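S.K.: Got a structure for you, written out below as structure tokens; questions coming shortly.
The values are calculated or read from the model by the stated rules, or taken from the named source; none is laboratory data. In this text the structure is predicted, and so the values were computed from the model without any measurement. Don't worry about glycine lacking a Cβ; one is built from the backbone with ideal geometry, like all the others, and counts go over all protein chains shown. Side chains are part of the model used for accessible areas, which takes the heavy atoms of the whole protein and leaves out ligands, DNA and RNA. Shrake-Rupley method; radii C 1.70, N 1.55, O 1.52, S 1.80 Å.
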Amino acid sequence: MLHHLFALCAFLSVLAACTGHWDPQSPHPGGPSAAEFGRADDDYRLAVADKVKVTIAGEADLSGEFTINKLGALTGPHVGQVQAQGMTLREFERAYADKLRDGEILRNPRVTAEVTSLRPIYVLGEVKRPGQYAFTRGMTVQKAVALAEGYTYLASEGTVEITRGGTKVTLDLASEIKVMPGDEVRVPSRVF
């Protein structure tokens, strides 16, 4: 039994390292929620399908709202593609400003970026309406299941499988588990 517990702890430690410090009990696993994108401590990492509003001070023609494409890049007017996947908003702002300078479009661009729409979550398995749902602030597994109209008769209501960043983990639902943009939440079937 102790060997299994040690193996589970080791697996969760590796999972946390691979997924951007994901602690299921943390109030902010992997980064802040959509409404908590602050200017000072923003550590949310951009990903494919996020919509980002880019504002260039005094340059309405260069500003706009763009979606990060499947290659992890955002295509802006006159600058072309700017890599965004995996960057924080501050890192992306610097990269966008560098692209404007390097392309000799602006000498001293002042770039601000904000996420306007995060990638959706997927609620699958033994729920009444499996599918894709919009991520909202404070999203938990319980709220995600409620969006999918609750459990089916065959659902195992005590555990859930969450896939984040390509890594899947099965968790006990004894406490509230936060969901992040892009997560796949799967409710398994009961074992009879």
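S.K.: Sorted by average packing, counted as other Cβ atoms within 10 angstrom per residue and highest first, what order do 131-139, 71-79 take?
M.R.: Numbers: 131-139: 14.9, 71-79: 16.7.
For the peptides 131-139, 71-79, the packing ranking is 71-79, 131-139.
S.K.: Ignoring ligands, DNA and RNA, what percent of the 1.4 Å accessible area of region 138-192 is carbon and sulfur?
M.R.: Working: 1470 of 2710 Å².
Taking all protein chains in place, region 138-192 shows 54 percent carbon and sulfur surface.
S.K.: Quick one: net charge around residue 162, please, counting Lys, Arg +1 and Asp, Glu -1 for every other residue with C-beta under 11 Å from its C-beta.
M.R.: Net local charge, residue 162 excluded: +1.
S.K.: Between residue 105 and residue 168, what is 0.36 nm times their sequence separation minus the Cα-Cα distance? Round to one decimal in nm. Please report the intermediate quantities before stating the final value.
M.R.: Details: separation 63, 0.36 × 63 = 22.68 nm, distance 4.39 nm.
Working it through step by step, the gained length comes to 18.3 nm.
S.K.: Could you give the size of the charge dipole of region 81-165 about its Cα centre, using +1 on the Cβ of each K and R and -1 on the Cβ of each D and E, expressed in debye and rounded to the nearest 20?
M.R.: Values: 12 positive and 10 negative charges, 52 e Å.
Using Cβ point charges on Lys, Arg, Asp and Glu, region 81-165 gives about 260 debye.
S.K.: If you don't mind, another one. How many nm separate the modelled label positions at residue 191 and residue 49, each set 7 Å beyond the Cα in the direction of the Cβ?
M.R.: 3.1 nm
S.K.: While we're here: Ordering 191, 115, 141 by accessible area with a probe of 1.4 Å, largest first, what comes out?
M.R.: Numbers: 191 140, 115 25, 141 0 Å².
Order by accessible area, largest first: 191, 115, 141.
S.K.: Let me ask you something else. Taking R0 as 30 Å, what FRET efficiency do you get between residue 157 and residue 136 from their Cβ-Cβ distance, rounded to the nearest 0.05? Intermediate values should be presented prior to the final figure.
M.R.: Working: r = 22 Å, r/R0 = 0.74.
Approximately 0.85, to the nearest 0.05.
S.K.: While we're here: Need the C-alpha centroid separation for region 50-118 versus region 130-184, integer Å.
M.R.: Their Cα centres are 32 Å away from one another.
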